[in-house]
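A short write-up of the structure that comes next.
The values are calculated or read from the model by the stated rules, or taken from the named source; none is laboratory data. The shown structure was predicted, so the numbers you read here are calculated from the model rather than taken from an experiment. A quick note on method: Cβ atoms are made from the backbone with ideal geometry, for glycine too, and the neighbour counts reach across all protein chains shown.
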Number of protein chains: 2
Amino acid sequence: MIEQVDKEINKLVKEINYEEINHHLPVLMGGKRLRAKLILTIAKDNPRAPLLGAIVEMIHSASLLHDDVIDEATVRRGRSCVNATDGSKKAIMLGDILYAKAFSSLTFFSHEIAYTLSSAVVLLSVGEMMDVELAKSFNDNEQKYLEMLYLKTASLIEASTASAALLIGKDKDTYGLYGKNLGLSFQIIDDILDITSDEKTLGKPVMSDFKEGKCTLPYIYLYKSLDDKGKERLKSLHAKELSSDESLWILNAMKKHHAIDKSFELAKRLTKEAGEAVFDNMELINILDKMIQRSY
Amino acid sequence: MIEQVDKEINKLVKEINYEEINHHLPVLMGGKRLRAKLILTIAKDNPRAPLLGAIVEMIHSASLLHDDVIDEATVRRGRSCVNATDGSKKAIMLGDILYAKAFSSLTFFSHEIAYTLSSAVVLLSVGEMMDVELAKSFNDNEQKYLEMLYLKTASLIEASTASAALLIGKDKDTYGLYGKNLGLSFQIIDDILDITSDEKTLGKPVMSDFKEGKCTLPYIYLYKSLDDKGKERLKSLHAKELSSDESLWILNAMKKHHAIDKSFELAKRLTKEAGEAVFDNMELINILDKMIQRSY
């Protein structure tokens with residue numbers, strides 16, 4: 001079924017009718033396509049599900065293109081970012097084209113579906129801005145961090161599952177809640193993997209979040225557990241290139257104070273809540289299980 | 001009536017519900033608001049016209065925010081650009097938020113209106129890319145240049161007038177044609193003013209188009225009229241800072257070969273065609289007249 005989504009993406013890209021775009025198609029075709037898979041799983045057999053999935057993946061790709069410009073990222077999904085190979089300007093323009101094409105295609109769906117998804121793009125764009133603001137100094141406010149995660153990552157996943165439900169006349173809120181909690185949990189696990197995984201698996205340097213100024217959940221939990229001296233040391237390492245000694249100190253301190261475990265506990269709790277919303281859909285439960293297993 | 005548009009913009013911005021945005025409101029409130037005025041003029045008395053105008057102005061502002069990042073512009077409408085004062089990243093994010101908010105608000109209009117306007121955003125984004133591509137070398141292809149003008153500037157004006165017509169059940173194509181030709185003519189006059197006006201009136205440096213690599217119509221016409229030696233000299237000045245001697249040479253050559261006059265003739269012809277499409281609407285004719293008079 002995911003091939004159907006790729007076919008729809010290809011069709012949408014062709015409709016844009018500008019040679020240059022085809023060249024960048026691999027950017028659109030890469031990744032896990034989690035959002036499209038969720039839509040296909042919920043709105044199974046609905047003939048318009050692949051197009052809806054394609055639109056959401058297009059929105060997601062557009063947001064990543066701009067995200068990478070803003071983070072000055074060089075590597076994404078194991079390959080060079082468009083901003084790194086073709087320059088920031090190309091990445092901005094390409095993102096704008098994909099966003100606009102996604103929105104114009106969305107107008108063929110019901111008002112509620114189009115509104116649900118386009119409103120999520122407002123939230124994710126605000127989330128991007130909040131992410132940048134938070135990274136300017138050491139943030140130890142868990143609530144603020146989770147709000148940003150919701151806006152930047154979970155809102156589009158929530159809107160994807162909600163609109164898939166709308167497509168087949170099922171309850172928008174139930175499926176939205178599944179998507180929201182899955183999205184939060186997904187991002188928390190991503191944040192954990194940035195610390196615990198290796199460069200090859202990640203497709204980008206390890207601990208790059210903290211170097212970029214992003215105090216993800218494990219750092220927030222670690223900070224809370226440290227004594228004043230430790231707090232000061234952690235803060236002093238914020239948004240800097242880390243020596244191997246410094247990285248090791250952080251890793252050991254996280255181990256000692258169970259900062260990773262606590263983050264993982266929250267991810268599991270959110271996953272559980274997501275599962276409870278759709279307890280009778282085994283395929284959706286399986287997606288949650290697989291996601292949680294990523295972190296081992 | 002234009003105050004109604006500002007009120008709607010204010011409302012939309014408040015709905016975004018992120019403090020940071022209010023700070024940038026002046027960016028949205030500046031400018032001629034040509035597109036909103038056209039909508040109000042065509043869909044006069046329709047209670048939804050101000051909201052539609054606000055949405056289109058929001059789209060236009062978003063496109064300018066990104067445009068200025070791409071052109072590395074420092075001044076717009078006589079004030080500093082967001083990318084110059086707050087950095088490119090802020091301008092990208094702010095543009096994304098405005099685009100998304102505009103699209104989500106558009107879903108409250110009919111499919112045809114939402115599709116007409118969002119499709120125009122695809123065109124204008126492609127036009128932006130084409131503009132950048134064309135500026136990479138000296139372009140003497142008039143057809144290509146006019147295609148880019150249509151995509152980058154006229155398509156959104158065409159969609160604005162067409163969707164205003166749809167709002168009141170009038171013919172979309174007739175009003176679209178008016179908007180398209182007005183848009184082309186408007187941009188050609190802008191291109192002329194970049195050469196013939198002064199810095200104070202323009203709110204930006206004179207002849208900045210050519211310095212940025214943009215061969216607007218007067219340059220294309222001039223190139224065609226020059227002998228081989230002149231052609232070579234003009235090409236050698238492309239995309240460079242110009243000395244006053246060089247600027248003067250271009251200006252005198254344009255005078256001698258009537259390059260400005262020819263450009264202005266095309267603008268007048270397009271204005272005439274625009275007027276013929278809506279010959280019975282004096283207000284729309286007046287807008288055309290005022291626009292043409294800008295160039296004296």
Query raised in the report: Which condition number in (1) touching a helix residue (DSSP H, G or I) at 6+ places or on another chain (Cβ under 8 Å); (2) part of a helix (DSSP H, G or I) is the one that A:Asp261 fails?
Result: (1)
Query raised in the report: Is it the case that some residue within segment B:218-231 is touching a residue at least 24 places away in the same chain (Cβ under 8 Å), more than 21 Å from B:Ala154 (Cβ to Cβ) and not in a helix (DSSP H, G or I)?
Result: yes
Query raised in the report: Residues in segment B:200-212: is at least one touching a Gly at 6+ places or on another chain (Cβ under 7 Å) and touching a residue at least 12 places away in the same chain (Cβ under 8 Å)?
Result: yes
Query - Index of the failed condition, B:Ala165 passing every other in (1) over 20 Å from B:Tyr223 (Cα atoms); (2) touching a Lys or Arg at 6+ places or on another chain (Cβ under 7 Å); (3) within 14 Å of chain A (Cβ to nearest Cβ); (4) not charged (D, E, K, R) - result: (3)
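One line per residue, one yes/no per condition, for (1) charged (D, E, K, R); (2) closer than 18 Å to A:Leu38 by Cβ:
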residue: A:Leu123; (1), (2): no, yes
residue: A:Ala159; (1), (2): no, yes
residue: A:Asp171; (1), (2): yes, yes
residue: A:Thr174; (1), (2): no, yes
residue: A:Lys200; (1), (2): yes, no
Query raised in the report: Which residues, counting only those in segment B:1-32, are part of a helix (DSSP H, G or I) and in contact with a strand residue (DSSP E or B) (Cβ under 9 Å, 6 or more places away or on another chain)?
Result: B:Pro26, B:Val27
Query - Members of segment A:160-175 that are under 18 Å from the mean Cα position of the chain (by Cα) and either without any contact (Cβ under 8 Å) to a residue 60 or more places away in the chain or surrounded by fewer than 24 Cβ atoms within 10 Å (Cβ to Cβ) (or both) - result: A:Ala162
Query raised in the report: Is it the case that segment A:52-64 has a residue that's farther than 22 Å from A:Leu193 by Cα and either hydroxyl-bearing (Ser, Thr, Tyr) or over 17 Å from the mean Cα position of the chain (by Cα) (or both)?
Result: yes
Report summary line: Per the list (1) over 20 Å from A:Leu182 (Cβ atoms); (2) crowded, with 16+ Cβ neighbours inside 10 Å, residue check on A:Arg233 breaks on (2)
Requested in this report: Run down B:Lys255, B:Lys268, B:Lys290 and say which single residue is part of a helix (DSSP H, G or I), touching a residue at least 24 places away in the same chain (Cβ under 8 Å), basic (Lys, Arg) and out of contact with any Cys (no Cβ under 9 Å at 6 or more places or on another chain).
Outcome: B:Lys268
**Report entry** Hey, A:Ala91 touching a Cys at 6+ places or on another chain (Cβ under 8 Å) and of a type outside the set (Phe, Trp, Tyr) or not
**Finding:** yes
Report task. With respect to A:Ile70, determine if the residue is in contact with an Asp or Glu (Cβ under 8 Å, 6 or more places away or on another chain), over 25 Å from A:Tyr178 (Cα atoms) and either touching a residue at least 60 places away in the same chain (Cβ under 8 Å) or in a helix (DSSP H, G or I) (or both). Result -> yes
**Report entry** segment A:94-134: number of residues that are under 15 Å from A:Thr161 (Cα atoms) and β-branched (Val, Ile, Thr)
**Finding:** 3
Query - Filter result (within 23 Å of B:Gln4 (Cα to Cα) and touching a residue at least 40 places away in the same chain (Cβ under 8 Å)) within segment B:54-67 - result: B:Ala54, B:Ile55, B:Val56, B:Glu57, B:Met58, B:Ile59, B:His60, B:Ala62, B:Ser63
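Table: residues versus (1) within 14 Å of another protein chain (Cβ to nearest Cβ); (2) hydrophobic (A, V, I, L, M, F, W, C).
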{"site": "A:Ile21", "(1), (2)": "yes, yes"}
{"site": "A:Arg35", "(1), (2)": "no, no"}
{"site": "A:Ser61", "(1), (2)": "yes, no"}
{"site": "A:Cys81", "(1), (2)": "no, yes"}
{"site": "A:Lys101", "(1), (2)": "yes, no"}
Query raised in the report: Could we say that B:Ala91 is farther than 26 Å from B:Ala164 by Cα, without any contact (Cβ under 8 Å) to a residue 40 or more places away in the chain and assigned to a helix (DSSP H, G or I) here?
Result: yes
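Rundown of residues vs (1) surrounded by 16 or more Cβ atoms within 10 Å (Cβ to Cβ); (2) aliphatic (A, V, I, L, M), yes/no style:
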residue	(1), (2)
B:Asp190	yes, no
B:Thr216	yes, no
B:Asp228	no, no
B:His238	yes, no
B:Leu248	no, yes
B:Lys255	no, no
B:Ala259	yes, yes
B:Leu266	yes, yes
Query raised in the report: Which of (1) surrounded by fewer than 24 Cβ atoms within 10 Å (Cβ to Cβ); (2) of a type outside the set (Ser, Thr, Tyr); (3) more than 9 Å from chain A (Cβ to nearest Cβ) is the odd one out, the single condition B:Ile70 does not satisfy?
Result: (3)
Query raised in the report: Which one is farthest from the other protein chains (Cβ to nearest Cβ), of the residues in segment B:116-149 that are hydroxyl-bearing (Ser, Thr, Tyr) and closer than 20 Å to B:Tyr99 by Cα?
Result: B:Thr116
Query raised in the report: Could you say whether any residue in segment B:183-196 is under 26 Å from B:Leu266 (Cα atoms), away from chain A (no Cβ under 11 Å), over 17 Å from the mean Cα position of the chain (by Cα) and modelled with pLDDT under 95?
Result: yes
Report task. Kindly check whether there is at least one residue in segment B:107-130 that is more than 21 Å from A:Leu123 (Cα to Cα), crowded, with 21+ Cβ neighbours inside 10 Å and of a type in the set (D, E, K, R). Result -> yes
Query raised in the report: Is there a residue being surrounded by fewer than 24 Cβ atoms within 10 Å (Cβ to Cβ) and within 14 Å of chain B (Cβ to nearest Cβ) anywhere in segment A:44-53?
Result: no
Query raised in the report: What are the residues in segment B:83-99 that are β-branched (Val, Ile, Thr) and at the interface with another protein chain (Cβ under 9 Å from one of its Cβ atoms), if any?
Result: B:Ile92, B:Ile97
Query raised in the report: Across segment B:271-287, which residue is surrounded by the most Cβ atoms within 10 Å (Cβ to Cβ) among those that are outside any loop (DSSP other than H, G, I, E, B) and not hydrophobic (A, V, I, L, M, F, W, C)?
Result: B:Thr271
